[in-house]
Amino acid sequence: MTTSRFAPSPTGLLHLGHAFSAVLARARGDRFLLRIEDLDPGRSRPEFIDAINEDLAWLGIAPDAVPLVQSRRTNHYAAALDELRGQGLVYPCFCTRADIAAALSAPHGASVHYPGTCRGLPDDPERRAAGPHSWRLDAARAIGRIGLPSWREEDGTVCTAAAADFDDVILARKDAPAAYHLACIVDDAASGVTLVVRGADLRASTPVQRILQLLLGLPQPTYLHHRLVTHADGGRLAKRDRAPTLAAMRADGVDGSVLARDLLAGQLPLGFSWSNA
Ligand code: GLU
């Protein structure tokens, strides 16, 4: 049995790209789950959760279980972080955004990766107690422990990550108890997700999520990184731009179940196109 999920962040109204993801996840799963990824306290809003529920109902999609809401599950993420801490694979990071930007504009700093400023600092519980800090994965050490992970795409392709795909990503934020990668893999495992359906723009998240699954002994889902919906001129749909939201389409009288069927058949409304990016 395939269990799939749709895991939107309630930080804005959903657009056609989200509709495609949801419709595809529903179609590919015998069991389809909804997860609300509301860990960003500054940007998540209850009215966007309401809109997600209304959008899915309009598309004719009903989750097969009560949705998981990440902000209510922070103890699970804290336990996973503890486990990684026990394995010596995470470190506290005291950098501000400005520190990181300054380090990256140094001569060798062409990379967008974390420059590693706090990696290898002696652990100082007093400093940790004194001020806000995040926790980062020591990616090189994790790879040393586990090797470069592979994963399987739904079409049978096996992908293997390269060392350059990894960064010392943040696993717990200064202002939130967990960050995306950790919460995502903990929840996919907790709800028995066997097929992760998401846009190709999130493919870059898969190597680090696979390594976290391996380190924590979690099962390995299959992945379907699907093509993206863009504007006809190739422009990316973003929550805050000219992309018509599903709420607006609904208000305009568009039939959601017809749209869902068309999306699955690969047909987009006028003004949009597909991109494999
Ligand atoms: N919450 C993420 C987003 O809305 C999706 C996460 C995922 O599907 O893994 O972009």
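A few comments on the model shown:
- Loop-resident sites, the stretch 142-217, for trypsin sites (Lys or Arg not before Pro), counting at most 15 other Cβ within 10 Å (DSSP): Lys174
- Over the stretch 198-246, the pair-distance histogram of Cα-Cα distances with 10 Å bins from zero comes to 22, 38, 23, 16, 2 percent, rounded to whole numbers.
- Cβ-Cβ distance of Asn75 and Val158, R₀ of 35 Å, FRET efficiency by 1/(1 + (r/R0)^6): the value works out to about 0.50.
- Label-point separation in nm, Ala65 to Asn53, each point 7 Å along Cα→Cβ: 1.9
- Among Phe32, Phe94, Phe166, the largest mean-square fluctuation in a Gaussian network model of the chain, built with springs joining Cα atoms closer than 10 Å, belongs to Phe94.
- Likely footprinting exposure, His226, His76, fewest C-beta neighbours within 10 Å first: His76, His226
- Diffusion coefficient, µm² s⁻¹, Stokes-Einstein with Kirkwood Rh over alpha-carbon pairs of the stretch 9-55 at 20 °C and 1.002 mPa s: 188
- For the pair Ala251 and Arg28, the difference between a 0.36 nm per residue extended length and the Cα-Cα distance amounts to 77.5 nm.
- For the chain, the list of Cys residues with no other Cys C-beta under 4.7 Å reads Cys95, Cys159, Cys184.
- The simple spin-label model puts a point 7 Å past each Cα toward its Cβ; for Asp233 and Thr117 those points are separated by 3.8 nm.
- Taking the chain and dividing mean pair separation by its residue count, relative contact order in percent (alpha carbons under 8 Å, at least six apart): 24
- For the stretch 1-72, trypsin sites (Lys or Arg not before Pro) are listed when DSSP marks them as loop and at most 13 other Cβ atoms sit within 10 Å of their Cβ; the list is Arg43.
- Spatial offset of the stretch 50-122 relative to the stretch 195-248 amounts to 15 Å, using the alpha carbon center of each.
- Listing Thr206, Thr157, Thr74 from fewest to most neighbouring C-beta atoms within 10 Å gives Thr157, Thr74, Thr206.
- Oblate is the label for the stretch 70-172, because the ratio a/c of its alpha-carbon gyration tensor axes (a ≥ b ≥ c) is 1.5 or higher and a/b is not greater than b/c.
- Prolate/oblate/rounded label for the stretch 164-277 (Cα gyration tensor, a/c 1.5): prolate
Taken together, the values in this text are just the output of simple stated rules run on the coordinates, not laboratory data. Values in this document were obtained by computation on a predicted structure and should not be read as measured data. Cβ atoms come from the backbone with ideal geometry, glycine included; neighbour counts cover every protein chain shown.
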